[in-house]
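The structure appears right after this line, and notes come after that.
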Amino acid sequence: MISKDLEKLLNEQYNLELASGHAYLAMMAWFQDKSWDGFAHFMKLQAEEEYEHACKFFDFMGDTGLRTIVDAMPKPEADFASVRKVFEAALKHEQDVTAAIHHLYDKALEEKSFETMEFLHWFLKEQVEEEDTMQTILDKIDQLDGSDYGIYILDKELGQREE
């Protein structure tokens, strides 16, 4: 039996995953406006991935007899000063998601909700990957040391993302 407190946190995480997709769509729109098609493609796939994560929460909650509550989406940041600033925002967002997953896992552990803990294991691993991806992109941007051509090449590289 999953407690009401844990159910509330699962709903919050579900809505955070939806908001994550929304944030990545805003980043995609900023990149499209600047004609950075590769970065836009990368963010589109990132948004789709976040919606898949939300669906995992939706399915888990349904499978365990919980009701999923869809909240209003907060308006995401939509204006950025540079390509680097977009990826800084993406990394910060992923760090916030990681913290939320950790909080949710802590609550599941406290309540001995083993099914929730098992479900969250995938997300714990996924967040390591998500943060690493954004940090690696930022590291590459730093190595380019302001090179416009380098950013162009990175745009093309990220545009090759398939999933």
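The values are calculated or read from the model by the stated rules, or taken from the named source; none is laboratory data. Please read all numbers here as calculations on a predicted model, not as lab measurements. Neighbour counts run over all protein chains shown; Cβ positions are idealised from the backbone, glycine included. Calculation scope for accessible area: heavy atoms of the full protein, side chains included, ligands and nucleic acids excluded. Shrake-Rupley method; radii C 1.70, N 1.55, O 1.52, S 1.80 Å.
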- Provide Met43, Met117 ordered by accessible surface of protein heavy atoms (probe 1.4 Å), highest first. Met117, Met43
- Query: Looking at the stretch 45-95 from every direction and averaging, what is the projected area of its Cα convex hull in nm²?
  - Reply: 4.6
- Accessible-area ranking of Ser113, Ser82, largest first, probe 1.4 Å: Ser82, Ser113
- Ordering of 23-29, 95-101 by packing [mean C-beta count within 10 Å, highest first]: 23-29, 95-101
- Query: So what is the calculated 222 nm ellipticity per residue for the chain, using -39500 (n - 2.57) for each DSSP H run with n of 4 or more, over all residues, to the nearest 500 deg cm²/dmol?
  - Reply: -27500 deg cm²/dmol
- Note on the structure: If each part is reduced to its alpha-carbon centroid, the stretch 41-61 and the stretch 134-149 end up apart, in Å, by 26
- Neighbour cut-off at most 14 other Cβ (10 Å), DSSP loop, trypsin sites (Lys or Arg not before Pro), the stretch 84-159: Lys112
- Item | Cross-link partners of Lys140 among lysines (Cα-Cα below 22 Å; sequence separation of 8 or more within a chain) | Lys34, Lys44, Lys85, Lys92, Lys156
- Query: GluC sites (Glu not before Pro) within the stretch 1-65: which are DSSP loop residues with at most 14 other Cβ atoms inside 10 Å?
  - Reply: none
- Message: Which order do you get for Tyr14, Tyr51, Tyr152, Tyr105 if you rank them by accessible area with a 1.4 Å probe, largest at the top?
- Response: Tyr152, Tyr51, Tyr105, Tyr14
- Task: Report Rg(Cα)/(2.2 N^0.38 Å) for the chain, keeping two decimals.
- Result: 1.13
- Message: Using the Cα centre of the stretch 1-126 as the reference point, and only Cβ charges (+1 on K/R, -1 on D/E), how large is the resulting charge dipole? Debye, rounded to the nearest 20.
- Response: 260
